[in-house]
Amino acid sequence: MPVTEEQKQILKTTSPIFKENGKEITSILYKHMFADHPELLNIFNRTNQKNGTQPFALANTMYLAIENIDHLDVLLPQFLLISHKHRASTVQAEHYPILGKYLLIAIDEFLGGMGDPDILGAWSAAYNMIVTIFINIEKRLYNELGDKSEQGFIPFTITKKEIIASGPIVAFTMERRDGGKMRDYHSGQYITIRIKKDGLYHIRYYSLIELFNGIVAVSLCLGLLFIHLRRLYQFFIHILHVFLHAGRQFLYRIWLRLRAIRFSTSSSILSAEVGIAYDADAQSISTRF
Ligand code: HEM
C-alpha cells in the first residue's frame, strides 16, 4: 500500500526523532530481534553489531529514505550497494517482515510505549515501500548468480596456506569442494567468507582488488573498508595490500579450471578461524562501496 499524504505528514514530523536517535532505536531493534531470532546472528557480522556501525548504517538509511519518500529513486545507487551487501550476507525476502516488526517495536519502546497507532502505521507503510525496492533489486541480484545451488554459501576447502610476506601475511588458496566454477570477478568486488566456530557462523568480507599482469592479485581488508563513504561513515580502515604472483599452475586453476580462489590476509585475522577450521564457505562476489 502506498504511503498516504496524511502518513507523509506524520513521517515529516517524526523523522527528526529518528535523525537524532536512529542508532539508539535500531540498537533496540537488533537487541529484540536477535533475542527472538538468534538464527539471524549467523548472517550478521557481530563486530559491526558490537561497535554500532550496523545499527548506525540501518538508522541512517532509514532516515534518508523517509526524507526522500516522494522520490526514492534518488537513493537507488545506495540501495543497490546495500542490496549487494544483503546478497553477500544471504539476506532473504522473508527476513524483511521480521526486521519491520522489530522496527516498530523499537520505535514504540523508544517513545516510552507512546507509539501512537498512526505514527506506527506511517512508519510501517514507509518501511514496506522501501522494502519493496530492496526485494526487487535483490531478487535480480540472486538470479544473476544462477540456480538456487549457486545462490548461497558454497563450501570451499583451503588447499594451501603460505606465509608470503612479513607481518606475517598469509596467502590462502581455496578450491570449491563441489568442483563447480568460480564466478568471474573484477576489481572492487568482494567475497564473503563464513566460518563455523563454536557452533556459530562468523562472516567477514574480503576485497578482490585487481588482476595484475594476468595474475590474480587480492587484497583483504581488516574489517570493512570504505563502507558508505558518501554518508561519511567514520569506519576504521586498516588495509593490507598484497600482490600475489602466482605460478602457471595457479593461473591454470583460476582461468581454465575456474574452480579455485586465492587470497591473502594477515594471519592475525584469519588463522584463528580459517587456519584452525581449515575449511570455509565462501559466497557472493559482490560490488562493494
Ligand atoms: C529497509 C530495510 C533495510 C535497510 C534500510 C538496510 C540497510 C542496510 C545497510 C545500510 C547496510 C550496510 C551496508 C554495508 O555494510 O555495506 C546493511 C547491511 C546488512 N543488512 Fe540490511 N537493511 C535492511 C534490511 C535488512 C534485513 C531485513 C536484514 C536481515 C534480517 C538485513 C541484514 C543485513 C546484513 C546481514 C548486513 C551486513 C552487515 C553486517 O553484517 O555488518 N538488512 N543493511
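The values are calculated or read from the model by the stated rules, or taken from the named source; none is laboratory data. Keep in mind the model is a prediction, meaning the values are calculated, not measured. Here Cβ is always computed from backbone atoms with ideal geometry, including for glycine, and neighbour counts include all displayed protein chains. The area values use the complete protein model at the heavy-atom level, side chains included, leaving out ligands, DNA and RNA. Shrake-Rupley method; radii C 1.70, N 1.55, O 1.52, S 1.80 Å.
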Of all residues making up region 134-163, the number that are in contact (Cβ under 8 Å) with a residue 60 or more places away in the chain, open to solvent by 40 Å² or more (accessible area, probe 1.4 Å) and closer than 24 Å to V91 by Cβ: 1
Complete set of residues in region 28-57 that are modelled with pLDDT under 95 and over 22 Å from K197 (Cβ atoms): G52, P55, F56, A57
Tabulated pairs, region 53-70, first not assigned by TED's automatic domain parsing to the domain that holds Y127, second modelled with pLDDT under 95, C-beta under 6 angstrom, 6+ apart or interchain: none
Region 35-70: number of residues that are assigned to a loop (DSSP other than H, G, I, E, B), more than 9 Å from the ligand (Cβ to nearest atom) and open to solvent by less than 40 Å² (accessible area, probe 1.4 Å): 2
All positions within region 88-111 that are touching a residue at least 60 places away in the same chain (Cβ under 8 Å), of a type outside the set (A, V, I, L, M, F, W, C) and farther than 16 Å from L58 by Cα: T90, E109
Members of region 18-34 that are open to solvent by less than 60 Å² (accessible area, probe 1.4 Å) and either under 20 Å from the mean Cα position of the chain (by Cα) or of a type in the set (A, V, I, L, M) (or both): G22, I25, T26, S27, I28, L29, Y30, M33, F34
Qualifying residue in region 170-181 (condition: in a strand (DSSP E or B), modelled with pLDDT of 80 or more and under 22 Å from the mean Cα position of the chain (by Cα)): no
Test: residue in region 71-80 that is within 25 Å of E150 (Cβ to Cβ) and not polar (S, T, N, Q): yes
Residue count, region 71-87 (criterion: in contact (Cβ under 8 Å) with a residue 40 or more places away in the chain, within 22 Å of K8 (Cβ to Cβ) and more than 9 Å from the ligand (Cβ to nearest atom)): 2
Sole exception among (1) open to solvent by less than 10 Å² (accessible area, probe 1.4 Å); (2) modelled with pLDDT of 90 or more for A88, by number: (2)
